[in-house]
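Inspection log for the structure reproduced underneath, given as structure tokens.
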Amino acid sequence: MDLVIARPEGLYCPPGDFYIDPWRPVDRAVITHAHGDHARWGMKHYLAAAPGEGILRSRIGADMPLQTLPYGERIVHHGVTLSFHPAGHVLGSAQVRLEYEGEVWVASGDYKVEPDGTCAPFEPVRCHTFITESTFGLPIYTWQPQAEIFAGINEWWRANQAQGRASVLFSYAFGKAQRILHGIDDGIGPILVHGAVEPLNRVYREAGIRIPETHYAGDFKKNDPMLREALIVAPPSAGGSTWMRRFGDYSDAFASGWMMLRGTRRRRGVDRGFVLSDHADWPGLLWAIEQTGAERVMVTHGSVAILVRYLREQGLDAQGFTTEYGDEEEADLVKEGASV
Amino acid sequence: MKAFAELYARLDATTSSNAKLAALVDYFSAAEPADAAWAVYFLSGGRPRQLVPTRLMRELAMDAANLPEWLFEESYQAVGDLAETVSLLVPTAEHSSNDGLAQWMEEKLLPLRGEPPEVLADRLPPLWRQLDRQSLMVCLKLITGAFRVGVSKLLVTRALATMTGLDAKRIAQRLVGYTDLSNRPDASAYERLVAQESADEHAQRGGQPYPFFLAHPLQLPVEQFEQTLGPPSAWQVEWKWDGIRAQLVKRDGRLWVWSRGEELISERFPELDELAPRLLDGTVIDGELVVWKHAPDATASQADLMQDAAELDSQTLNEQVEGELERFGIQPFALLQQRIGRKTLSKKILQDVPVAVLGYDLLEWEGRDWRSHPQHERRAQLEAVITACASPRLMPSPKLTANTWAELAEQREASRSLGVEGMMLKARDALYGVGRTKDMGVWWKWKIDPFSVDAVLIYAQRGHGRRASLYSDYTFAVWDGPPGAKERTLVPFAKAYSGLTDEEMRKVDAIVRKTTVEKFGPVRSVTPTLVFELGFEGIALSKRHKSGIAVRFPRMLRWRQDKPVEEADTLANLQDLLQ
């Protein structure tokens with residue numbers, strides 16, 4: 001029996017009568033993580049992993065009907081045993097393990113296999129059927145270790161500082177921004193953030209994640225000498241806006257897995273592209289799939305057709321699931337749509 | 001190789017000319033002359049012929065990456081650049097080679113050319129393993145002949161001038177012909193580029209041409225010409241010919257013909273050799289190589305032609321101009337294309353597609369550099385030289401005159417039927433500058449508006465480079481019947497990929513993905529929903545195209561979001577443009 005099927009409202013578990021990350025309002029929603037394309041407003045009841053509570057409430061509503069469950073703890077609903085396991089994507093992100101009549105399915109949501117210190121690291125869960133994302137499902141995507149990427153960001157920041165220029169680093173406000181703040185060498189200079197980033201920093205700090213001291217960039221006047229030494233972390237939407245004017249002469253960079261390709265980097269029109277992603281790269285996807293021991297793999301959002309074909313050639317029973325998940329982080333960057 | 005790859009990365013990372021200049025100066029200041037020699041070669045547009053067949057390189061890369069062909073292909077489609085794809089797919093290595101660019105080129109890469117596949121299969125992958133990812137990508141671009149980075153020759157010239165303290169024009173002069181295929185850059189060639197000036201520099205020149213002076217596009221309503229440019233009398237006005245810009249260099253009893261790309265093309269136009277004995281040594285003429293309608297012996301005498309040219313000065317009515325130009329007999333560019341790129345020239349081709357040169361400037365006379373004489377003096381002397389040459393292979397490009405800009409605008413209306421691209425305006429007192437500069441006087445190109453039709457997007461393909469992974473290359477069609485006709489279909493007639501803003505391209509990309517009907521490899525057919533105004537420079541009958549029509553330099557002028565697909569233009573509209 002299929003424990004998860006695709007329905008117009010979202011991925012649905014028939015025996016448990018609930019949805020996983022539904023994109024239309026339903027009665028019972030199990031949420032893998034708080035990015036906007038997975039956690040939407042309007043469900044009558046939410047169930048999520050406990051470490052994600054702060055973020056979910058700050059994004060959907062303090063009084064949302066949310067029930068939480070620590071990682072690894074099981075509950076049974078209509079005979080389906082459900083538990084959450086770390087996905088290593090952002091704070092509170094979880095894979096959902098479902099067990100019913102001896103059959104085990106795991107829905108990964110979004111995941112990353114390299115631990116980053118801002119959330120519980122990805123934990124492979126044995127299952128019969130694994131539902132995987134495929135955002136970076138092409139072999140051209142292989143990440144360098146993040147230590148090398150952070151060394152590159154530190155070096156860029158120092159070089160700008162030496163030239164008296166502000167360093168503006170664009171990154172998605174939830175997850176990526178905190179990962180950068182956590183990994184950066186905060187001894188180099190002051191760190192400023194955009195108004196979209198600071199509330200999430202607060203939630204991370206409350207969860208005990210080390211985020212260095214940050215200042216609200218809006219508090220600084222144009223030509224404040226401090227700006228010329230500072231790293232400014234801002235969402236991509238701030239690029240090209242009047243908000244940027246206060247920084248005068250600055251160098252800009254973008255942190256994203258899509259920066260792997262020269263074309264995307266150039267199209268983005270920033271001085272530097274840092275290849276830093278919250279998703280698994282190609283080897284990471286294959287490793288995660290193998291670790292689950294699953295014989296059946298359902299592929300969602302990203303390079304669905306490609307990953308399905310590759311897995312089939314490796315002898316797995318793979319098929320695509322049509323979903324409406326995107327990649328909120330780089331929604332304005334061009335990529336293969338979820339329909340492929 | 002690593003230093004050159006780092007230079008590439010710095011150049012690639014910025015759009016600021018100053019930052020690029022700084023990167024170039026840093027590189028040249030530190031580089032060995034032999035490496036710098038090759039760097040100048042590649043950065044100013046030098047392309048050695050492909051060293052390894054692309055097909056083979058793909059296969060070796062698939063082996064090294066242990067990937068099936070389809071997955072390699074998918075990756076290539078997403079990346080849009082073969083060298084980059086391979087560099088991303090083969091296993092990464094620690095950088096272990098300390099050899100410079102020159103050693104890589106001369107000892108490792110150039111010897112690969114012409115080797116059989118099994119030798120290449122032995123030699124290439126071990127070379128790859130010596131390079132980090134960045135260096136590998138650059139190295140592969142050198143191998144495939146696809147090296148390109150956003151640097152102009154002018155910028156290289158400026159960098160070398162900054163570094164050496166020499167005049168940029170002197171560097172430009174020495175750089176001419178540097179990237180010609182017959183040249184092998186080496187340390188001594190580079191040292192000559194950056195050497196301090198010597199007294200006999202001029203005499204050393206042999207067949208060297210001068211750097212071409214280039215025109216700027218003029219985009220103003222004609223009503224504003226007077227205000228911006230002054231009266232027409234301050235300008236020398238000519239047709240903008242649709243041929244090959246060329247320089248004729250006559251020295252030491254020989255004639256060299258150079259194209260604007262600074263390629264030596266003498267051998268491709270052997271009939272111009274008959275000019276050699278008719279021009280004095282120390283003569284350099286800038287002009288346009290065009291296809292002449294009649295074989296020279298069938299044309300009017302030189303005296304007649306000169307008279308024609310002189311008469312044109314005083315004629316203002318379109319019909320008369322047209323009549324005279326008809327006698328000039330310039331053929332469309334499509335014919336000239338038949339001669340470009342041909343290795344062997346048959347007698348038939350020489351007879352059917354004869355060329356002549358329309359001279360418009362004199363750069364050297366009696367062995368002296370004439371570029372600092374004003375335009376009108378150069379022109380007067382040029383006419384004297386051409387008269388003395390007395391060959392129908394060399395004619396002056398006629399001057400056009402009028403009392404007002406409006407009159408010239410009226411004459412310009414005839415451009416299309418004359419097969420010219422519009423007019424050239426050259427300041428009468430302009431010196432002959434270097435490249436696209438304005439400090440010594442200016443040349444404007446006043447081009448006619450392109451042809452345009454409203455066409456429907458029916459296929460889309462992902463682009464390359466900056467457009468990689470975006471559906472940015474489109475095939476356009478027109479209807480084969482009038483609106484309302486039963487069973488009319490869309491007939492493809494042109495491909496275009498330029499003219500949209502990034503923002504528009506992203507929107508079109510999204511629509512392409514949503515409206516895809518079928519995928520054929522990298523190409524998608526779509527449900528026709530998008531109409532674009534397509535511009536192009538020329539139109540001709542073609543047996544090779546399904547529509548029976550070929551257009552030149554098609555590009556998108558405008559996205560017609562206001563226009564339904566049914567109202568797009570028809571094949572009949574296109575045929576009307578053929579005249």
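For the reader, a short list of remarks on this structure follows.
- Packing-based order for B:283-290, B:169-176, A:180-187, using average beta carbon neighbours within 10 Å, highest first: B:283-290, B:169-176, A:180-187
- Between segment B:163-196 and segment A:160-175, the alpha-carbon center distance in angstrom: 40 Å
- Segment A:182-212-segment B:212-246 distance, computed between alpha-carbon centres (Å): 58 Å
- Under 16 Å from the Cα of B:LYS514 - lysines, other chains or at least 8 residues apart: A:LYS335
- Taking amide H positions as modeled 1.01 Å from N, with prolines and chain starts lacking one, the residues under 5 Å from B:GLU364 and 5 or more places away or on another chain are B:VAL284, B:TRP370.
- Theoretical ellipticity at 222 nm over chain A - DSSP helices of four or more residues, -39500 (n - 2.57) apiece, nearest 500: -6000 deg cm²/dmol
- Counting only other chain Cβ atoms within 10 Å of each residue's Cβ, the peptide A:297-308 averages 1.
- Taken residue by residue and averaged, Cβ atoms of other chains lying within 10 Å of the Cβ of A:140-146 number 3.
- Within a straight-line Cα-Cα reach of under 16 Å, A:LYS176 can be paired with the following lysines, leaving aside sequence neighbours fewer than 8 residues apart in one chain: A:LYS112.
- Other-chain or far-sequence residues with amide H under 5 Å of B:LEU400's (modelled H): B:VAL237, B:GLU238
- Exceeding the 19 Å Cα-Cα cut-off - candidates B:LYS495/B:LYS546; B:LYS240/B:LYS426; B:LYS240/B:LYS447; B:LYS153/B:LYS445; B:LYS250/B:LYS348; B:LYS240/B:LYS347: B:LYS153/B:LYS445; B:LYS250/B:LYS348; B:LYS240/B:LYS347
- Look at the stretch B:70-81: the mean tally of other chain Cβ atoms within 10 Å of its residues' Cβ atoms is 5.
- Cut-off 18 Å (backbone N to label point 7 Å along Cα→Cβ of B:THR489), residues of segment B:535-566: B:544-549, B:566
- Reachable aspartates and glutamates from B:LYS486, criterion Cα separation under 15 angstrom, eight or more residues apart if same chain: B:GLU566, B:GLU567
- Take every pair of alpha-carbon atoms less than 8 Å apart whose residues are at least six positions apart; their mean separation over the length of chain B yields a relative contact order of 13 percent.
- Taking amide H as placed 1.01 Å from N in the peptide plane, the amide H of A:GLN67 sits under 5 Å from that of A:TYR46, A:LEU47, A:ALA48, each at least 5 places away or on another chain.
- Protection proxy ranking of A:189-196, B:275-282, A:231-238, by the mean of other Cβ atoms within 10 Å over each peptide's residues and highest first, is A:231-238, A:189-196, B:275-282.
- Inter-label distance, B:SER96 to B:ASN66: 1.9 nm, where each label sits 7 Å from its Cα along the C-beta direction.
- Where only DSSP H runs of four or more residues are counted, chain B gives -10500 deg cm²/dmol as its mean residue ellipticity at 222 nm, each run worth -39500 (n - 2.57).
- Modelled this way, with points 7 Å down the Cα-to-C-beta line, the labels at B:ASP449 and B:ALA380 are 4.0 nm from one another.
- Peptide ranges B:91-97, A:314-320, B:26-32 listed from the most packed, as the mean C-beta count within 10 angstrom indicates: B:26-32, A:314-320, B:91-97
- Helix A:282-292 axis, angle to chain A major axis (alpha carbon atoms, nearest 10°): 30 degrees
All of the numbers you see were taken from the coordinates with simple rules; none came from a lab. On a predicted model such as this, the values are computed, not experimentally measured, just so you know. Methodologically, a virtual Cβ is constructed for each residue, glycine included, from the backbone with ideal geometry; neighbour enumeration extends over all protein chains shown.
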